[in-house]
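Since the structure comes first, as structure tokens, the remarks are kept for the end.
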Amino acid sequence: MTLATAAATGLAALAGAAPAQAADAPLRDLAEAKGVYIGNALAAGKLDGNARYRQIAGQEFNWVTAENAMKWGVLEPSRGNYDWSGADRIMEFAAANGQQVRGHTLVWHSQAPGWLENGGFPAAELRGLMYDHIDTTMGRYQGRIAHWDVVNEAFNESGGFRDSFWYRTLGESYIADAFRRARQADPSADLYINDYNVEGVNAKSTAMYNLVRDLKAQGVPIDGVGLQAHLITGQVPSSLQQNIQRFADLGVDVAITELDIRMNLPADAGKLAQQARDYRTVVEACLAVSRCVGVTGWGISDADSWVPDVFEGQGAATMYDSGYNPKPAYDAVAQALGGTGDDDDDPPGNGDGDGCTADYTVASQWNTGFTGNVAITCSGGSLNGWTVSWDFPAGQRLSQAWNAGCTQSGARVTCTNAGWNGTVPDGGSVSFGFNAEWSGSNPSPDTVTVS
Ligand code: G2I
């Protein structure tokens, strides 16, 4: 798949220079067809500063998590003063791209504001602060956040409760109280407990299992278990699927919430191939259990990952390299989701769209509408059936298309060939047209993809 752009945007050089990427349908379309979602963690600041980051985030994923922007320490750095800017930006991006949101996270020992963690609050007051935070944060986005990580990382590695300021002051009751309060604050959200090193069957995951079982028995509203899955190449726990299944059998959903698979740097072909197998194993384990609802990666590219900051000498943990090129892990995930996993390493001319570009032009424009034209041209490649997609940047609405079947969902337009123009030979081109409405301004999309 290759990228092209309308010269009118002034972003032509930038988008045109962006690396080509995999030829399958986007991961989000593959995942949807399999009945699961595929998500990623987004940094609000990068959405506005990095066109390629924004493009992948919108195009490939149908769920998003705020990597940091919805954490208490970010939202309320000083008591009573909430800053919603980053969280709102993520919500806006998700809405514009037809994405669901995982809220992360309400009650956590880490990235809590200093005034809260070190405030020396007695139990009743700390509980009240927890309730207020749940009410305020869930209330602001009520009905718009599908899953909330209500309690994050409540256990230590040996299966005891983590010795956090929550546990020290309130005892284990803070967990059930948080879930009950969260249900009241937004009855439409699914409520999750989330943790790391709980992917396989081990002491920590068994403690979590026992807690979820007890909470269910007590009628505490808990809907799901999040397995973060910060994993190591070559070390995916062999009991992953069995572990997902045992949680599902308690009557809760399971999600892989923060998947990354790190390696010792530098990366090489062998390590990347192992990592690809590992990504595939994780996605397949989720697909094998009907209550496993989706997989979220933690960072779009290796340049966005938290790993190198924390594990010295390790990294390369995501599906895209630091130049935002899809890695073998991307192809493996596409394959696990039913795609071909073909990418630009394939020989040209095999019909997968490598070497083909789409050019978007505004053919004519009037006060409320315009006619657009998209030309697909192949050179050094070919297509047997095509899909072209883009995001309208300024609220434009598609009304009609010809020589292609087009649909719009949110900002995103997806067009597939008509019966008579699916084949584009090497050196050939086809085009299709559409009418759409605009108001205010009518900028062309940053990028138009063809696959
Ligand atoms: O630690 C990895 C993840 C484990 N599970 C919960 C997740 O919420 C957690 O995410 C990471 C983020 O990926 C990091 O980006 O949480 C870290 C904090 O515990 C985040 O790191 C923080 C740095 O510590 C701050 O110095 C920095 O200002 O990121 C902040 C924003 O870049």
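The values are calculated or read from the model by the stated rules, or taken from the named source; none is laboratory data. Treat the numbers as computed from the prediction; the structure is a model and nothing was measured. Backbone-built Cβ (ideal geometry, glycine too); neighbour counts: all protein chains shown. Keep in mind that these areas ignore ligands, DNA and RNA; they rest on the heavy atoms of the full protein, side chains included. Shrake-Rupley method; radii C 1.70, N 1.55, O 1.52, S 1.80 Å.
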Helices (runs of 4 or more DSSP H) lying entirely in region 3-66 (those with 1 or more residues that are modelled with pLDDT of 50 or more)
27-34, 44-49, 51-60
Scan region 61-75 residue by residue and report those that are under 14 Å from Gly297 (Cα atoms), within 13 Å of the ligand (Cβ to nearest atom) and open to solvent by less than 10 Å² (accessible area, probe 1.4 Å).
Thr65, Ala66
Members of region 109-125 that are touching a Gly at 6+ places or on another chain (Cβ under 6 Å) and either open to solvent by less than 40 Å² (accessible area, probe 1.4 Å) or part of a helix (DSSP H, G or I) (or both):
Ala112, Pro113
Which residue, of Gly128, Gly103, Gly139, is open to solvent by less than 20 Å² (accessible area, probe 1.4 Å) and either within 16 Å of the ligand (Cβ to nearest atom) or in a helix (DSSP H, G or I) (or both)?
Gly103
Just checking, how many residues over region 422-450 are over 23 Å from Thr368 (Cβ atoms), open to solvent by less than 20 Å² (accessible area, probe 1.4 Å) and among the small types (Gly, Ala, Ser)?
2
Would you say Asp149 is open to solvent by less than 10 Å² (accessible area, probe 1.4 Å), within 14 Å of the ligand (Cβ to nearest atom) and among the charged types (D, E, K, R)?
yes
Exactly one of these conditions fails for Asn210: (1) away from the ligand (no atom under 16 Å from the Cβ); (2) within 19 Å of Gln142 (Cα to Cα). Give me its number.
(2)
The number of residues in region 280-299 that are under 15 Å from the mean Cα position of the chain (by Cα) and more than 12 Å from the ligand (Cβ to nearest atom) is 4
With the condition being more than 25 Å from the chain's Cα centre (by Cα), of a type outside the set (Lys, Arg) and closer than 30 Å to Asp48 by Cα, I'd like the strands (runs of 3 or more DSSP E) fully within region 345-451 carrying at least 1 qualifying residues.
356-365, 369-378, 397-402, 429-437
Based on what the data block shows, is Arg144 on the phi < 0 side of the Ramachandran plot and part of a helix (DSSP H, G or I)?
no
Condition set more than 16 Å from the ligand (Cβ to nearest atom) and acidic (Asp, Glu), scope region 185-207, selection surrounded by the most Cβ atoms within 10 Å (Cβ to Cβ): answer is Asp186
Residues in region 23-56 that are within 15 Å of the ligand (Cβ to nearest atom), crowded, with 20+ Cβ neighbours inside 10 Å and closer than 18 Å to Thr447 by Cα: how many?
1
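Residue by residue, here is whether (1) at pLDDT below 90; (2) among the small types (Gly, Ala, Ser); (3) open to solvent by 60 Å² or more (accessible area, probe 1.4 Å) holds:
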position	(1), (2), (3)
Trp366	no, no, yes
Ile376	no, no, no
Gly380	yes, yes, no
Val388	no, no, no
Arg397	no, no, yes
Gln400	no, no, yes
Ala404	no, yes, no
Cys415	no, no, no
Trp420	yes, no, yes
